[in-house]
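The values are calculated or read from the model by the stated rules, or taken from the named source; none is laboratory data. Bear in mind that the values here come from a model prediction, so they are computed numbers and not experimental data. Note: areas computed on protein heavy atoms with side chains; ligands, DNA, RNA excluded. Shrake-Rupley method; radii C 1.70, N 1.55, O 1.52, S 1.80 Å.
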Amino acid sequence: MTDVIRRKIDRARPAQAEGAPGADRGWRLALARAARDAMGLELDFTRMSIGRYSLAELPELAPDRALLALLDGPRGALGVLMLGPEVTSTLIEMQTLGRLTATPAAARKPTRIDAAMVAGLVDRALAGLDEALMEEADLAWAGGFRYASFLEEVRPLGLMLEDETYRVLSAEVSLGGGRRSGQVLLVLPAQGRGERPATLAPAGEGEAPLFSAALSAQVMAADCRLDAVIGRVTLPIRQIMALRAGDVLPMLQASVDSVGLETMAGRKVASGRLGQHRGMRALKLSDTADLAADPPVLGQGRPLLQGLSPLAGPGEALRAAG
């Protein structure tokens with residue numbers, strides 16, 4: 001029965017470019033999560049394609065004034081990550097200002113300082129890609145790469161990279177909820193030099209177990225959103241509608257020692273204390289709620305306005321963002 005279902009699904013699925021859905025979906029998730037976790041930036045893919053190109057064709061693919069990050073991979077393999085100027089300026093703004101300005105920065109030639117500032121994000125995204133492909137065949141060519149150095153221009157690519165075929169994951173991304181957009185191109189050797197996942201059987205063997213394993217990997221990679229709530233304030237709708245940037249809302253009961261972890265429906269599943277781990281905000285769990293209890297009905301018992309501030313303490317206030 002499993003084989004019959006699998007064949008029906010395969011026939012109904014539209015044709016995809018080589019490498020999908022493994023590297024395709026893995027790169028989408030990895031880059032989006034890296035931007036969110038590293039700097040709180042919302043990044044969405046609006047278009048994605050995978051193609052094969054020769055070494056001579058790569059310079060023509062690079063966006064104008066792109067940041068070129070040389071990537072070091074398994075067994076001496078080299079790749080390139082190309083970030084369009086809009087993407088680069090957005091990442092720099094988020095790291096220097098902590099927010100996006102109303103007017104995008106003017107396009108300019110990227111510098112080594114720019115590359116150093118985005119190197120951490122690049123490595124985080126590539127590590128996430130490795131994790132997403134841990135049990136997929138695409139790990140052999142798309143896994144194991146990390147940031148190596150910065151290229152000031154595209155011309156040296158012809159001398160630094162080997163004369164072989166390359167797979168290019170070309171994407172248009174939306175940044176900051178659609179406020180910015182730009183190009184991201186991941187260029188990797190088509191002939192994989194990495195190790196084939198040990199969980200995969202040789203070609204032609206164990207197709208049904210492979211399908212089950214792939215389905216399990218997709219399910220386990222699904223997102224589950226939880227909100228960390230430090231404090232709440234309830235206001236009349238009239239006062240909420242009158243809020244303006246700079247208004248201050250008192251959060252008298254807020255405490256970093258008592259943070260509730262809740263589902264999107266408002267169900268509390270755990271509590272903990274807000275702290276740091278390796279330079280990032282982290283929540284240390286102190287206890288978990290009874291998950292067998294009936295969940296509340298969405299919209300009941302919820303305040304009209306709630307806020308979260310990682311720096312709020314007892315008697316402090318939460319400032320409304322503009």
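Assorted remarks:
- Orientation-averaged projection of segment 118-164 equals 4.1 nm² [convex hull of Cα atoms, one quarter of hull surface area].
- With all protein chains in place and a 1.4 Å probe, the accessible surface of segment 111-183 carries 51 percent carbon and sulfur.
- Shape descriptor for segment 62-111: Rg over Rh equals 1.10 (Cα atoms; Rh from the Kirkwood inverse mean 1/r).
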